[in-house]
1. Give the whole-number value, in cubic angstrom per residue, of the convex hull volume spanned by the C-alpha atoms of segment 150-190.
2. Got a sec? Charge dipole of the chain, +1 on Cβ for Lys and Arg, -1 for Asp and Glu; which of Val64, Tyr107, Gly146 is way out at the positive end?
3. Which whole-Hz couplings ³J(HN,Hα) result when phi for each residue of segment 69-83 is put into the Karplus expression 6.51 cos²θ - 1.76 cosθ + 1.60, θ = phi - 60°, listed in order with x for Gly and Pro?
4. Report in % the part of the accessible area of the chain that belongs to carbon and sulfur, leaving out ligands and nucleic acids; probe 1.4 Å.
5. Taking H placed 1.01 Å from N in the peptide plane, check which residues at least 5 places from Asp169 or on another chain put their amide H under 5 Å from its amide H.
6. What residues qualify as long-range amide H neighbours of Leu163, i.e. H under 5 Å apart, gap of 5 or more or another chain, H built at 1.01 Å from N?
7. Ordering Tyr195, Tyr151 by accessible area with a probe of 1.4 Å, largest first, what comes out?
8. Find me the longest stretch of the chain that has none of the exposed GluC sites (Glu not before Pro), where exposed means in a DSSP loop (not H, G, I, E or B) with at most 16 other Cβ atoms within 10 Å.
Amino acid sequence: SSGMKTSRPQVGPFWNIWLIDADGSNPRALTREQAAAPRLPVMSPDRRSVAYTLDTSGALELRVIDTGGEGDRLIMGGLVPDARATWSPDGTRMAVAADRDGPTDIYIVELATGEVTNLTNSPEDEGDPAWSPDGESVAYWSRAGGNQDIYVIPVDGGEPRRLTSDPGDDADPSWRPDGGAIAYSSLREGTWDIYV
């Protein structure tokens with residue numbers, strides 16, 4: 001030994017995406033411990049893959065990894081903070097909020113080809129996409145009416161339809177499995193509550 005002391009650099013905290021069985025057993029990390037922050041996991045319809053957002057020094061990416069912890073791949077960059085993705089019911093496409101060309105819009109990504117399409121393409125910010133159970137529409141919030149309201153747009157393009165117009169900000173739409181209703185968060189009189 002030369003008498004010189006060496007020390008390991010301080011690293012951490014570490015973040016992972018974990019998978020756990022429904023009964024609470026068998027917890028396992030899907031991602032590898034890293035200082036970058038993987039977050040907002042969403043299981044694919046066939047339960048074989050997990051989409052998540054990775055924050056790498058301020059650059060936000062949409063990534064997909066299989067449930068065995070293999071095949072981690074970049075799907076799309078340019079996401080906005082808290083951009084949770086949503087899968088199409090057949091698992092071939094995803095929708096996510098990003099600011100690739102100005103305001104935050106909802107984008108559709110074809111997983112087989114990597115082709116990205118701006119679905120909403122409006123001057124207002126949008127977020128929180130949720131794919132309909134029939135695969136035909138995406139619900140999301142938009143500021144088009146002055147505050148955040150819930151809208152639905154056909155996935156093949158077309159005019160969005162405004163569903164809410166209450167005085168508060170609405171967010172986080174989630175479809176009922178039969179597609180007949182949408183639950184959402186709404187900020188009214190200083191408190192967030194769930195509405196349908």
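1. Hull volume normalised by residue count: 78 Å³.
2. Most positive-ward Cα: Val64.
3. x, 10, x, 5, 9, 6, 9, 6, x, x, 6, 9, x, 6, 8
4. Reported share for carbon and sulfur atoms: 48 percent.
5. The answer is Leu187.
6. Answer set, sorted by chain and number: Ile150, Tyr151, Val152.
7. So, going from the largest accessible area down, we get Tyr195, Tyr151.
8. With GluC sites (Glu not before Pro) excluded where exposed in loops, the chain gives 137-188 as its longest stretch.
The values are calculated or read from the model by the stated rules, or taken from the named source; none is laboratory data. Everything quoted here is computed from the prediction, not taken from an experiment. Note: ideal-geometry Cβ built from the backbone for every residue, glycine included; neighbour counts use all protein chains shown. Each accessible area value is taken on the protein alone, full model and side chains, heavy atoms only, with ligands, DNA and RNA left out. Shrake-Rupley method; radii C 1.70, N 1.55, O 1.52, S 1.80 Å.
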